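To start, the structure itself, in structure tokens.
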Amino acid sequence: MRRSAAGVIAVSVLLALGGAATAAPRTAVRNVTPEKVGTTDAVHRSLDYVSATHSLTLSYPGASYVKVHFSRLTLLPGDWFSIADAHGGQVRQYRFGLAGQWAMSVDGDTAVLVLHGNLARLTGYGVTVDKVAHGLPASELKRRPESVCGTNDSRDAVCYRSTDPVAYRNSRAVARLLINGDELCSAWRVGPNDRMFTNHHCFTGTTDARNTEVWFNYECAVCGGLATLPPVKVFGDTVLATDQTLDFTLFSVQNFAAVRAFGYLSLDVRDPSAGEQLYIAEHPGGDPTVLAMDSDQDRGGNCQVRNSAVDGYGPDTDISYLCDTAGGSSGSPVISRVSNRVVALHHFGGCPNAGVRIDLIYRRVASLL
């Protein structure tokens, strides 16, 4: 749901907690890349009226999703191309397009492709699929390395719907990214306009943004359950700003109206103090939304700022913490429990984990928000 704040980015100036932080040890700079969540295979399958091939079923037993890439999508007015799952659900239709386009994924291990209409019986009209991405089975994803500090204390976001409704509401603004068919990151809406943050190491340009799926509403239906709510998927659109040192990318999405109702996060433009309590809303390993809030490694049981000035890709650009994360959490919002606003952009694992200070990022993008 939407926040009740006015249609501007909220900037809070809060009193420091407990005085000045002690000198912080430096962190080692880490080279990070998006988490792999699938495999991409080269294929060459065409559907057209010359060969009389009008449908194609692509099946990868055990896959969590199937996603096709077009090298050719040449259709005449009145004709269209559809992709659905094995049961005829999740239907997407395509009427026009250019070479080099990814279709939206379908959940499950099977995609059914069908040509519709009365395509001219001329060479060159039709659809050619040149590669297919399919998700790794859940059993393989569970073996991915994580940056869990001590015991994994993160919980499904829905577990907090009644006990911490503000944190749960904030988690609704966080999205799962599927980048170029088989890579994962997280992202989140910032402010009431069509603006989202993720990491620079997730993607940097508009071409990649438009080949990135942005999934909202991907969360467990009940606390501790396996069933998920149906995700609302849109494509990314335009990269508005990006920076390697501060490891951020600010971008917009296509069909913004479809995701506006999931709300947005506001920024807390300051350097948070050591000991300040935090939580992270994220998609670790591509899982449904979780909240990393509790910590068996921090006094009081809530994860908190460990050091307020550590080196990231630049000197003193980051804060560190022991909130539990995993591959796929890159680009998640690090939120203060004091203000329930974002104080950092998560990008490093390693225990302590680390996020880029949002006050430094804000200076670069304030005019774009």
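No lab work stands behind these numbers, since they all come straight from the coordinates. Source: prediction; values computed, not measured. Every residue, glycine as well, gets a Cβ built from its backbone with ideal geometry; the counts of neighbours run over all protein chains shown.
Rounded to the nearest 20 Debye, what is the dipole magnitude of the stretch 153-233 about its Cα centre when Lys and Arg each give +1 and Asp and Glu each give -1 at the C-beta? Charge dipole of the stretch 153-233: 300 debye, to the nearest 20.
Candidates 323, 305, 361 compared by Cα position along the dipole of the stretch 147-368: farthest toward the positive end lies 361, with charges placed on Cβ. Under the rule a/c < 1.5 gives rounded, and otherwise a/b versus b/c splits prolate from oblate, where does the stretch 39-135 land using the Cα gyration tensor? Prolate. With the cut-off at 1.5 for a/c, could you classify the chain from its C-alpha gyration tensor as rounded, prolate or oblate? It is prolate, given that a/c is not under 1.5 and a/b is the larger ratio. Listed by chain and number, the aspartates and glutamates whose alpha-carbon sits under 14 Å from that of residue 36, ignoring those within fewer than 8 places in the same chain, are 140, 146, 182, 183, 287. Between residue 92 and residue 229, the modelled label-to-label distance comes to 2.1 nm, taking each label 7 Å out from Cα in the direction of the beta carbon.
Largest GNM mean-square fluctuation across 126, 328, 225, computed for the chain with C-alpha springs under 10 Å, falls on 225.
Among 163, 317, 325, the largest mean-square fluctuation in a Gaussian network model of the chain, built with springs joining Cα atoms closer than 10 Å, belongs to 163. One Cα centroid belongs to the stretch 150-208, the other to the stretch 92-106; the line between them spans 24 Å. Just check the stretch 205-273 against the gyration tensor rule for me: Cα atoms, a ≥ b ≥ c as the square roots of the eigenvalues, rounded for a/c under 1.5, and otherwise prolate or oblate depending on whether a/b exceeds b/c. Cα axes put the stretch 205-273 in the oblate bin.
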